[in-house]
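Right, one structure below, let's go through it.
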Amino acid sequence: NAGVMQNPRHLVRRRGQEARLRCSPMKGHSHVYWYRQLPEEGLKFMVYLQKENIIDESGMPKERFSAEFPKEGPSILRIQQVVRGDSAAYFCASSPRGLSYNEQFFGPGTRLTVL
Amino acid sequence: SQQGEEDPQALSIQEGENATMNCSYKTSINNLQWYRQNSGRGLVHLILIRSNEREKHSGRLRVTLDTSKKSSSLLITASRAADTASYFCATDAGRGSTLGRLYFGRGTQLTVWP
């Protein structure tokens, strides 16, 4: 039973380019969460999605960031026109239900470096 | 903000000693979770304790929760070098809040020397 998969593990982009981060949840999980971690910091919530629905995007920057979780395929976090401040580790987590008493299973993360 | 705060920020001990990390939070919760993160890796779930529980054990881990003080502690007994990692507490935001999202603190960096 594979865990949460994220790819790529490392992504380097130049300022102004687009970054696409992918997340495949654990089998049977239909709830996906994205978090961002800056160096020496804890994880900060970005967005919570179910299949084809954004449930809570209150942690997402209003511009340049978007997320989707289509009926088929992985969840995608998209960052347009990246800036240096977007450099961080982006983690995806999944759970079988979107309830707070369910543990969230985390992927290995994608480390984005913006040059 | 509900964000938890771990204390201490860093802890350095010898193998065999016990390590205690604390977490404080601001508002009511449904549960509190502890995670471990090895350097450059993802988070591994350690233990979840519900708001109506006071203590929970899992192997060498012991977690306590005091909702009146809005605090939790994680005790690792008989530590090993392999326990070296960052430890984070994560809370939800309690009743009436958006379900699912977790609030993390900055973590405690534990170093266990052989």
log10 I(q)/I(0) for chain A, Debye formula on C-alpha points only (no solvent), q = 0.21 Å⁻¹, two decimals, reads -1.16
Would you mind counting up the charge near A:R36? Only other residues with Cβ under 12 Å from its Cβ, with Lys and Arg at +1 and Asp and Glu at -1.
0
Determine how large the accessible area of A:V12 is when every protein chain is in place; take a 1.4 Å probe and give Å² rounded to the nearest 10.
80
Residues of the protein assembly as shown: accessible area per residue with a 1.4 Å probe, Å²:
49
How big is the B/A interface in buried accessible area, both sides summed, 1.4 Å probe, to the nearest 100 Å²?
1900
In square angstrom, rounded to the nearest 10, how much accessible surface does A:H31 have for a 1.4 Å probe?
20
Considering only DSSP states other than H, G, I, E and B, which trypsin sites (Lys or Arg not before Pro) in region A:30-111 qualify as loop sites with at most 13 other Cβ atoms within 10 Å?
A:K51, A:K62, A:K71, A:R97
What number results when the radius of gyration of region A:12-74, computed over Cα atoms, is divided by 2.2 N^0.38 Å?
1.20
Let me know the whole percent of all Cα-Cα pairs from region A:63-115 that are separated by more than 13 Å.
69
Can you sort A:E40, B:E17 by solvent-accessible area, 1.4 Å probe, largest first?
A:E40, B:E17
Any idea of B:E15's accessible area? Nearest 10 Å², probe 1.4 Å.
90
So how long is each side of region B:1-107 along the principal axes, counting just the alpha-carbon atoms, biggest first, in Å?
43, 29, 21
Could you list the square roots of 5 times each eigenvalue of the Cα gyration tensor of the protein assembly as shown, that is, the equivalent ellipsoid semi-axes, sorted largest first and rounded to whole Å?
29, 21, 16
Roughly speaking, to the nearest percent, how much of chain B's 1.4 Å accessible area is carbon and sulfur?
45
With just the Cα atoms defining each centre, how far is region B:20-50 from region A:17-74? Give it in Å.
20
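The values are calculated or read from the model by the stated rules, or taken from the named source; none is laboratory data. Since the model is a prediction, treat every value here as computed from it, not as a measurement. In this analysis, Cβ positions are derived from the backbone assuming ideal geometry, glycine residues included, and neighbour counts consider all displayed protein chains. Just so you know, the surface numbers come from the protein's heavy atoms only, side chains and all, with ligands and any DNA or RNA stripped out. Shrake-Rupley method; radii C 1.70, N 1.55, O 1.52, S 1.80 Å.
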